[in-house]
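Colleague: The structure is given below, and queries will be raised subsequently.
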Amino acid sequence: MQIKILKGTNQIGGVFTEISSKEAKIIIDFGDDLDGVKRLENIEGLTTGEPIYDGVFITHNHQDHMGRIDDILDKVPVYMSDLSKKIFETVFCFSKNKGKINRKTINLEEGKAIIINDMKIIPYIVDHSAYNSFMLLIEAEGKRILHTGDFRNHGYKGVLLENTLKKIGKIDLLITEGTTLSREQLKSKTEAELVDDIVEKTKDYDQVLMLMSTTNIDRVTTMQRVANRTGKTVIHDIVLSNVLQLVTQKIPNALNSKNVGVYLPNSVYIKRDKEEYKKYIAPFQEKINETGQLLHGKFIMNIRVSMLKDIERLKDKVLNNCCVVYSMWEGYQEEEIYKRFLDKMKELNIDIYNLHVSGHADYTAFNQVIEITNPNAVIPMHTENKEKIKDFTDKAIILDDMEVYEI
Ligand SMILES: [Zn+2]
Ligand SMILES: [Zn+2]
């Protein structure tokens with residue numbers, strides 16, 4: 001088999017991996033570059049010309065892994081979990097730059113192999129900050145490659161990693177994400193430990209606003225646990241309320257629990273006669289009306305930067321002893337929209353705490369995957385410091401973008 005990282009040996013996000021056997025040629029992940037620059041905008045046989053690829057596989061629904069799937073030629077099949085696609089579409093239905101996915105996709109499911117000529121691709125659920133993320137095992141020509149996608153072992157599903165890797169067993173080649181290779185090698189705090197930190201910092205506030213990703217379902221659980229320990233009501237905004245209907249009924253949500261409210265932000269304006277109203281807002285209308293009352297007690301609520309106007313409006317009436325927990329990757333704070341939001345919070349005298357755990361593998365996760373799958377070669381990608389992988393293995397293969405490696 002041949003492996004070529006089209007893009008991603010020197011960058012995080014926007015990573016495209018090409019794997020070819022004698023009879024099949026696939027791409028893993030096709031998303032946007034995190035800095036917004038469109039590197040490698042056109043790929044012959046994938047986005048232009050006659051198709052030469054047999055499939056594109058999407059590991060999870062983060063923008064940097066799937067954001068460009070509409071650019072793929074119609075004749076090239078795209079494999080992606082239906083659930084991940086639905087979550088993506090639900091979130092983006094509420095945003096200005098509607099993220100509707102226009103192309104057909106074929107469902108990917110845990111453990112269900114996709115066979116393309118002489119190649120077999122098997123998805124395994126893995127712990128990451130996006131719900132329903134996959135690692136992919138690729139088998140062809142008697143060789144086995146594990147592509148980790150984005151992963152970690154310190155979320156609520158982290159304990160499952162060991163078993164998954166044992167099930168996969170010995171592999172020939174590991175292609176691993178290396179997001180944290182450019183950071184100091186510290187053991188990441190777990191989501192469970194994050195609960196303790198948030199409780200500690202926020203227990204004396206009456207209102208806690210969690211600035212977080214709406215698709216980070218582990219963080220929703222964390223928010224619920226903080227609420228339980230600090231005697232606060234949980235309020236989900238309308239977007240999160242919809243996402244939770246798709247993913248699990250194990251987390252209390254607006255429709256399955258009396259104790260969870262729904263907030264409809266001002267920025268969400270969908271006319272009552274629109275299809276979208278019936279689908280995304282009508283089921284929660286009663287709960288939205290009731291939630292007005294909850295806003296006068298102690299509560300914890302997820303927020304997004306688009307809710308700036310809401311916070312200003314609620315500041316004097318409702319938010320009288322309030323803090324914001326910034327619970328996302330710190331890098332976003334460089335972006336104008338986040339800067340503006342955080343500056344405004346300071347102006348309103350709202351305290352801000354940075355409390356977050358990464359969605360990416362720390363050194364314990366690298367060690368775990370290498371020890372259990374015992375690969376003959378390890379290629380790092382989705383990283384800004386690929387050489388650092390040598391600290392974890394003497395089998396490192398350091399590639400540049402577009403360089404071909406054969407096994
Ligand atoms: Zn990523
Ligand atoms: Zn990701």
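No value in this document is a laboratory result; all are computed from the given coordinates. Computed from a predicted model, the values in this text were never measured in an experiment. Backbone-built Cβ (ideal geometry, glycine too); neighbour counts: all protein chains shown.
Colleague: Expressed in nm to one decimal, what extension gain is obtained for the pair Q285 and D118 from 0.36 nm per residue of sequence separation less their Cα-Cα distance?
Modeller: Fully extending the segment from Q285 to D118 adds 54.9 nm.
Colleague: Further, regarding this structure: Around S188, under 13 Å between beta carbons, what's the net of Lys plus Arg minus Asp minus Glu among the other residues?
Modeller: Working: positive: R152, R183, K187, K189; negative: D127, E184, E191, E193, D197, D218, D362.
Surrounding charge for S188 is -3.
Colleague: Between helix 363-373 and the chain, what is the angle of the helix's C-alpha long axis to the longest principal axis, kept within 0 to 90° and rounded to the nearest 10?
Modeller: Approximately 40 degrees, to the nearest 10.
Colleague: In the neighborhood of N153, defined by Cβ-to-Cβ distances under 14 Å, what is the net charge if each Lys or Arg adds +1 and each Asp or Glu adds -1? Before the final figure, lay out the partial values.
Modeller: Values: positive: R152, K157, K166, K187, K189; negative: D127, D150, E162, E177, E191, E193, D218, D362, E371.
Result for the local shell: -4.
Colleague: Another question, then. Okay, helix-only estimate at 222 nm for the chain: each DSSP H run of n ≥ 4 adds -39500 (n - 2.57), divide by all residues, round to 500 deg cm²/dmol; what do you get?
Modeller: Computed ellipticity for the chain at 222 nm equals -7500 deg cm²/dmol.
Colleague: Now a separate question. Taking Cα atoms, how many degrees apart are the long axis of helix 217-230 and the longest axis of the chain, rounded to 10 and kept between 0 and 90?
Modeller: Its long axis makes an angle of about 30 degrees.
Colleague: Can you list the residues, at least 5 places off or on another chain, whose amide H is less than 5 Å from the amide H of D351, using H built in the peptide plane?
Modeller: Under 5 Å from the amide H of D351: V324.
Colleague: Relative contact order (percent) for the chain, with alpha-carbon contacts under 8 angstrom and 6 or more residues of separation? Please list the in-between numbers first.
Modeller: Working: 833 pairs, mean separation 85.5, N = 407.
Computed over the chain, the figure is 21 percent.
Colleague: Let me ask something additional. Largest first and in whole Å, what are the equivalent-ellipsoid semi-axes of segment 1-145 based on the Cα gyration tensor, each being the root of 5 times an eigenvalue?
Modeller: Over the Cα atoms of segment 1-145, the ellipsoid semi-axes are 23, 18, 15 Å.
Colleague: Separate question: Under the Karplus relation 6.51 cos²θ - 1.76 cosθ + 1.60, θ = phi - 60°, what is the ordered set of whole-Hz ³J(HN,Hα) values for segment 73-84, x standing for Gly and Pro?
Modeller: 3, 4, 7, 8, x, 10, 9, 7, 4, 4, 5, 4
Colleague: How large is the convex hull of the Cα atoms of segment 191-354 per residue, expressed in Å³ as a whole number?
Modeller: Taking only Cα atoms, segment 191-354 has a hull volume of 114 Å³ per residue.
Colleague: Please list, ordered by chain and number, the residues whose modelled amide H lies under 5 Å from the amide H of N302; skip anything fewer than 5 residues away on the same chain.
Modeller: Amide H to amide H, under 5 Å and 5 or more residues apart or across chains, N302 pairs with M210, I235, D237.
Colleague: Please identify, among K271, K166, K395, the residue showing maximal mean-square fluctuation in a Gaussian network model of the chain using a 10 angstrom Cα cutoff.
Modeller: Answer for the Gaussian network model of the chain: K271.
Colleague: Using a Gaussian network model on the chain with a 10 Å cutoff between Cα atoms, which of I168, I337, I300 fluctuates the most?
Modeller: Looking only at I168, I337, I300, the biggest GNM fluctuation is shown by I337.
Colleague: Could you please report the charge total around Q207, scoring K, R as +1 and D, E as -1 over all other residues with beta-carbon less than 12 angstrom from its beta-carbon?
Modeller: My count for the surroundings of Q207 gives +1.
Colleague: Then there is this: Between the alpha-carbon centers of segment 316-371 and segment 31-45, tell me the distance in whole angstrom.
Modeller: 27 Å
Colleague: Using only alpha carbon pairs under 8 Å that are at least six residues apart, calculate the relative contact order of segment 214-355 and give it in whole percent.
Modeller: Once normalised by length, the contact order is 22 percent.
Colleague: Shifting gears a bit: Through the Karplus equation 6.51 cos²θ - 1.76 cosθ + 1.60, θ set to phi - 60°, convert the phi angles of segment 314-322 into ³J(HN,Hα) values in whole Hz; use x for Gly and Pro.
Modeller: Ordered by residue, 3J(HN,Hα) equals 7, 3, 7, 6, 10, 8, 9, 9, 10 Hz.
Colleague: Next question, about the same structure. Provide the percentage of antiparallel DSSP beta bridges, counting only those with both residues in the chain; round to the nearest 5.
Modeller: 45 percent
Colleague: On to the next question. Could you run the Debye sum over the Cα atoms of the chain, one equal point scatterer each and no solvent, and tell me log10 of I(q)/I(0) at q = 0.07, 0.08 Å⁻¹, two decimals?
Modeller: Treating every Cα as an identical point scatterer, log10 I(q)/I(0) equals -0.34, -0.45.
Colleague: Rounded to the nearest 0.05, what FRET efficiency do D35 and D196 give with R0 = 30 Å and r taken as the Cβ-Cβ distance? Could you check?
Modeller: 0.30
Colleague: Determine the relative contact order of segment 200-275: mean sequence separation of Cα pairs under 8 Å and six or more apart, normalised by residue count, in whole percent.
Modeller: Working: 55 pairs, mean separation 19.5, N = 76.
Relative contact order of segment 200-275: 26 percent.
Colleague: If you fit an axis through the alpha-carbon atoms of helix 285-294 and take the longest principal axis of the Cα set of the chain, what angle between them do you get, 0 to 90°, nearest 10?
Modeller: Helix 285-294 and the main axis of the chain meet at about 60 degrees.
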